[in-house]
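One structure is given here, and the rest of the page talks about it.
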Amino acid sequence: MSLIVLYSLMFIGGYVSAAGLGLTCPDWPLCPSGILPNSEYLIEWVHRLVAAITGALIISTTVICWITKNSTRKIKITGTLSAIFVSTQITLGAIVIDLKLQALLVAIHLGIGIILFAMVLLTTILVFRLNDIEISS
Ligand code: HEM
């Protein structure tokens, strides 16, 4: 679930960037009209909302990785790295807005997004592999 929502978020982020909509909502964390969106910055607002949902999903997954009895060390490591990268990415998103889409920061935002995707994918693969081993034994 986290992986699908994260992929959608990266897709929306790519659209925000390519369509030049990055500064349509210039404030942080809320847009000028408050919690609800406005047609001028709907896409940027959706990117932030989905980022918040993604953050909650990934951090919940990390907690589950730690509290599940048969979880392996590798799952705990990739799960924890996912939580660290998602927190960094959300903080960086705010800085990207604050510094008016500074090119290097936007590139780092994309770079961390890719590493984050890799970590969540790896966690998913490791969990599926563990389930397969448990079913066949
Ligand atoms: C898990 C959280 C997030 C992920 C995975 C993510 C991912 C992405 C990706 C992949 C892009 C496209 C980058 C590009 O094509 O160069 C993007 C763009 C963008 N993101 Fe995020 N993002 C996240 C959170 C946030 C947050 C919280 C904000 C803050 C408001 C934010 C603000 C932006 C902006 C303004 C752009 C467009 C930059 C531009 O116009 O070039 N992002 N995001």
(message) So the check is Cβ under 9 Å with 6+ separation or different chains; which pairs have a first residue in region 10-22 that's without any contact (Cβ under 8 Å) to a residue 40 or more places away in the chain and a second one that's more than 8 Å from the ligand (Cβ to nearest atom) and part of a loop (DSSP other than H, G, I, E, B)?
(response) 16/24
(message) Being among the hydrophobic types (A, V, I, L, M, F, W, C) and farther than 26 Å from residue 131 by Cβ is true for just one of 6, 57, 81, 49. Which residue is that?
(response) 49
(message) Being near the ligand (Cβ under 9 Å from one of its atoms) and not acidic (Asp, Glu) is the requirement here; does residue 106 meet it?
(response) yes
(request) With the checklist (1) near the ligand (Cβ under 8 Å from one of its atoms); (2) surrounded by 15 or more Cβ atoms within 10 Å (Cβ to Cβ); (3) farther than 30 Å from residue 130 by Cα in hand, flag the one item residue 41 doesn't pass. (result) (1)
(message) Just to check your reading of the model, which residue among 16, 63, 50 is among the β-branched types (Val, Ile, Thr), within 14 Å of the ligand (Cβ to nearest atom) and farther than 14 Å from residue 90 by Cα?
(response) 16
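Just so you know, all these numbers are worked out from the coordinates, no wet-lab data involved. Note that the coordinates shown come from a computational prediction; the quantities given were computed from them, not determined experimentally. Backbone-built Cβ (ideal geometry, glycine too); neighbour counts: all protein chains shown.
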